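What follows is one structure encoded as structure tokens, with my remarks underneath.
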Amino acid sequence: MTVHYERLRICVDMDDTMADTVAEHLARYNKDYGLNISKTDLHGKLLWDHVPREHQADLVRYMRSDDFFDNLDVMADAPAVLERLQQHYDIYVATAAMEVPTSFTSKFRWLQRHFPFIHYRNYVYCGDKSILRADYLIDDLPRYLKSFHGQGLLFSAPHNATVVGFPRVENWREVEEYLLPDGRVRGLHSGDLRGAQR
């Protein structure tokens, strides 16, 4: 009998994992209100939890603007690490774009510009990430990791600083160390033939 080995799949969140969304939010909010809120101020909470209720509509307005997602900075080392991971794993970008439907086109442009090696057919725009069929999910929001059926990796961000219960990666270098220990694909899942060393 011939055994076919498939590559393991990694789904990667975009906002605050590949892209520094909170930095753009802070820049716009601080400019509009003459403030100097930093990521340190958001330790353990979302920006929505930090600003007054009457200002929260502005946070939504920023995200719905045509240029918000176009302007996001890339997380340090994300392109280089993902390109190396792609040599061993199938990489998919899984973003909860349904929360901001106006972001579809600008997210597409951003991914094409900064991660041209990931084919557009590997973009997954969704609302419920429990539908994802993959071996790993790298995400900053624990609610998506809880509903994911594979191994979740919590990508550190100010708002999840106090979260426990998931393997945590502080940056993309740690992602690489976790998924390519000694430059080799991480070991097999129990009872699963996928992901054999290649």
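The values are calculated or read from the model by the stated rules, or taken from the named source; none is laboratory data. Note that the structure is predicted; figures quoted are calculated from it, not measured. All Cβ positions, glycine included, derive from the backbone under ideal geometry; neighbour counts span all protein chains shown.
For the range 141-164, the condition of being over 30 Å from TYR29 (Cα atoms), outside any loop (DSSP other than H, G, I, E, B) and either among the hydrophobic types (A, V, I, L, M, F, W, C) or touching a Phe, Trp or Tyr at 6+ places or on another chain (Cβ under 7 Å) (or both) holds for at least one residue. Of the helices (runs of 4 or more DSSP H) lying entirely inside the range 18-73, those containing at least 1 residues that are within 20 Å of the chain's Cα centre (by Cα) and either among the charged types (D, E, K, R) or loosely packed, with under 12 Cβ neighbours inside 10 Å (or both) are 21-33, 56-64.
Any chance you could count how many residues in the range 97-122 are outside any helix (DSSP H, G or I), in contact with a Phe, Trp or Tyr (Cβ under 9 Å, 6 or more places away or on another chain) and farther than 19 Å from TRP172 by Cβ?
Number satisfying all stated conditions: 1.
Taken over the range 1-54, residues that are aliphatic (A, V, I, L, M), at pLDDT 95 or above and under 25 Å from PHE108 (Cβ atoms) amount to 9. For ILE10, the conditions (1) touching a Phe, Trp or Tyr at 6+ places or on another chain (Cβ under 9 Å); (2) of a type in the set (A, V, I, L, M, F, W, C); (3) surrounded by fewer than 16 Cβ atoms within 10 Å (Cβ to Cβ) are fulfilled apart from (3).
The residues in the range 92-113 that are over 15 Å from ASP139 (Cβ atoms) and either in contact (Cβ under 8 Å) with a residue 60 or more places away in the chain or touching a Cys at 6+ places or on another chain (Cβ under 6 Å) (or both) can be counted, and the count is 3.
Of the residues in the range 74-96, how many are assigned to a helix (DSSP H, G or I) and within 12 Å of the chain's Cα centre (by Cα)? Write out each step before concluding.
Going residue by residue through the range 74-96, those that are assigned to a helix (DSSP H, G or I) are 78-85.
With within 12 Å of the chain's Cα centre (by Cα) added as a condition, the list becomes 78, 82.
Summing the residues that are assigned to a helix (DSSP H, G or I) and within 12 Å of the chain's Cα centre (by Cα) in the range 74-96 gives 2.
Of the candidates ASP140, ASP135, the single residue that is more than 22 Å from TYR62 (Cβ to Cβ) and of a type outside the set (Ser, Thr, Tyr) is ASP135. Checking each residue in the range 106-128 for being of a type outside the set (A, V, I, L, M, F, W, C) and at pLDDT below 95 picks out GLY127, ASP128.
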